[in-house]
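The values are calculated or read from the model by the stated rules, or taken from the named source; none is laboratory data. Note that this is a predicted model, so its numbers are computed, not measured. Using ideal geometry, Cβ is built from the backbone for each residue, glycine included, and neighbour counts are taken over all protein chains shown. Remember, those area values only see protein heavy atoms, side chains included, never the ligands or the DNA or RNA. Shrake-Rupley method; radii C 1.70, N 1.55, O 1.52, S 1.80 Å.
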Amino acid sequence: VFPLNLAPGRSGSIWRPAIRGFPAPNLRGFRRTVPSCLTCTGPFCPMPDREGEGRADFLKRQAKLQRSAGKRHFLRKGKGRMGDVENKVALVTGGSRGIGRKTAIRLAKAGYDLVINYARNEKAAMAVKEEIEQMGRRALTVKANIGETEKIREMFRAVDEFFGRLDVLVNNAASGVLRPAMELKENHWDWTMNINSKGMLFCSLEAAKRMEKNGGGKIVSVTSIGSIRYLDNYTLIGASKAAVESLTRYLAVELAPKNIAVNAVSGGAVDTDALKHFPNREALLEDARNRTPAGRMVEADDIVNVIMFLLSDEASMIRGQTIVVDGGRSLLI
């Protein structure tokens, strides 16, 4: 399930398996099926090894030690606008850069442990993980193309194995082909819709299965103003984001009995790495600077502020809504 790499053993001369995103313990005396220690984020595991201990017994012992120790090795209680988030876990798709990265960092500051999904840039994902761990939180990175349902299932199995629960999902990952409608091909449609729409749906369904076991949860998806307004070269992405907003409404109703709140945030032009792929990037930025009624461009933190609000207890009665964060720009289109 987890991408494997190699890390030096305690002695520095022995090599042992390690799960990306989490240091493995000294495996002396363990069966090879034991993947990692689940009790700390430090370079060395403080827990004793046990000769011949199987994976199931190992995990039960670790859970018992965590409870008896008050989770002192890695948990810090967070409370406030987000409510009691002790031991809660959030998954951010596309969490290695841009809005996803900022959302992951803010969630960690609020007291959540994090799962950072990424598609290609492992270095960026690991940098986010390290920053989160420096706050005393746990973090797991999972490489997965969410346009493929089997990769989605593998990612959630990794979450189950590592954390055993999920409380928050932020559907942030997005991709797409930027071309005029007459230049589009079938594979362009498939790529864009699979990641942006199908990925959002099946990530949400897998997340809901876990959230229901915890008594509820929150799902927030990131969309864009191109879902309801025309933007040059945005045909496919706009359609896929419109689907995300429609799915948000349907999921909000169907998941409400499970105490799962579902909403979306739609942003105006934000100068992130994603915007660099737009052929008309400079025109979009110039328009946002000069024609936004609020007097400035939307920044990534503006989007994150609304995501965090929708994940808070104060937003519990907001369901199935897409909150537009564009400084009023769409009012003039």
Kindly provide the trypsin sites (Lys or Arg not before Pro) of region 82-182 that DSSP labels as loop, not H, G, I, E or B, and whose Cβ sees at most 10 other Cβ atoms within 10 Å.
120
Keeping the other protein chains in place, figure out the carbon and sulfur percent of the accessible area of region 145-193, with a 1.4 Å probe.
48
Using a 1.4 Å probe on heavy atoms of the protein chains only, the accessible area for residue 220 in Å², nearest 10, reads 0
Would you work out if region 162-233 is rounded, prolate or oblate? Take a ≥ b ≥ c from the square roots of the eigenvalues of the alpha-carbon gyration tensor; rounded if a/c is under 1.5, else prolate when a/b is larger than b/c, oblate otherwise.
prolate
Averaging sequence separations of C-alpha pairs under 8 Å and six or more residues apart, then dividing by the length of region 113-267, give the relative contact order as a whole percent.
22
Given an 8 Å cut-off on Cα distances and at least 6 residues of separation, report the relative contact order of region 201-255 as a percent.
32
Charge dipole of region 191-233 built from unit charges on the beta carbon (Lys, Arg +1; Asp, Glu -1), centred at mean Cα; most positive-end Cα among 208, 223, 194 is 208
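If each residue of separation counts as 0.36 nm, what is the full-extension length gain between residue 213 and residue 134 once their alpha-carbon separation is subtracted? Mind showing how you got there, number by number?
Values: separation 79, 0.36 × 79 = 28.44 nm, distance 2.95 nm.
Between residue 213 and residue 134, full extension yields an extra 25.5 nm.
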Taking 133, 150 and ranking on accessible area (1.4 Å, protein atoms only), highest first, one gets 150, 133
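Accessible area per residue, 1.4 Å probe, Å², for region 97-171: what's the number?
Value for region 97-171: 36 Å² per residue.
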For region 176-333, accessible area per residue (1.4 Å probe, heavy atoms of protein chains only), Å²:
49
